[in-house]
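Structure first, commentary second.
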Amino acid sequence: MVTLEQVEKLCERTNLSYDEAKAALEETNGDILEAIINLEKQNRIEAPKGGGYYSSKNTQKDMGDNCCNKNFKGESEKDDGTSFGELLGSFLRWCGKIINKGNRNNFEIIKDGDKVMSIPVTVLAVLLLFMFWITIPLMIVGLFFGYSYMFSGPDLGKEKVNRAMDSVAGAAKNLKKEVKGEKSNGENSDN
């Protein structure tokens, strides 16, 4: 059985007369969505542009009177935001850009001026994210064994970044000397 409320909702959304809306609902046993789809197939109402979808965004109580005066097309006068798909797409594009930058730039491990190893920054980030309890101590221990680290590549191979890495290596070298009891000129302080 079709209710008056269902007929009024269909009238608001489709701009049909009461009798036409009631007949369309009776054909679909009161299913408003099915009635709208059937009316579109019969070309009695206009389908949303671009093969879109119907939305109840404009059928709020404060806009109730405005909906009755126009054909419901799934369009809103102003766009309040973006859809989940668009947000997900922009997030994935951002992640792709970050991964691309990480793959273009390298983290290099250097001992006595020779490059020992070079890994993409993306791999370093994954190691730091999932195995930081192993990666960070290994890097610190490496500093005390004379290893130094630097970044190379178009985005991270900047002088400021590498200067900071050199200062960390220098601080580790000085701390190692203090622990061994050496003076800064390399002589033993016990003499």
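Bear in mind that the values in this text are calculations on the coordinates, not laboratory data. Values in this document were obtained by computation on a predicted structure and should not be read as measured data. Note that we place each Cβ from the backbone using ideal geometry, even for glycine, and neighbour counts take in every protein chain shown.
Each label point is 7 Å from the Cα along the Cα-to-Cβ direction; what then is the distance between the points at L138 and E159, in nm?
Placing both labels 7 Å beyond Cα along the Cβ direction yields 3.3 nm.
What ranking do I45, I136 get, fewest neighbouring Cβ atoms within 10 angstrom at the top?
Working: I45 22, I136 12.
In increasing order of surrounding Cβ atoms, one gets I136, I45.
With a 10 Å radius around each residue's Cβ, average the other Cβ atoms per peptide and rank 15-27, 158-170, highest first.
Working: 15-27: 16.5, 158-170: 12.9.
Result, highest mean first: 15-27, 158-170.
Using Cβ counts within 10 Å as a stand-in for footprinting exposure, how do F151, F144, F107 rank, fewest first? Before the final figure, lay out each step's value.
Values: F151 18, F144 12, F107 23.
Lowest to highest Cβ neighbour count: F144, F151, F107.
Based only on other Cβ atoms within 10 Å, what is the fewest-to-most ordering of R44, R13?
Final ranking by Cβ density, sparse to dense: R44, R13.
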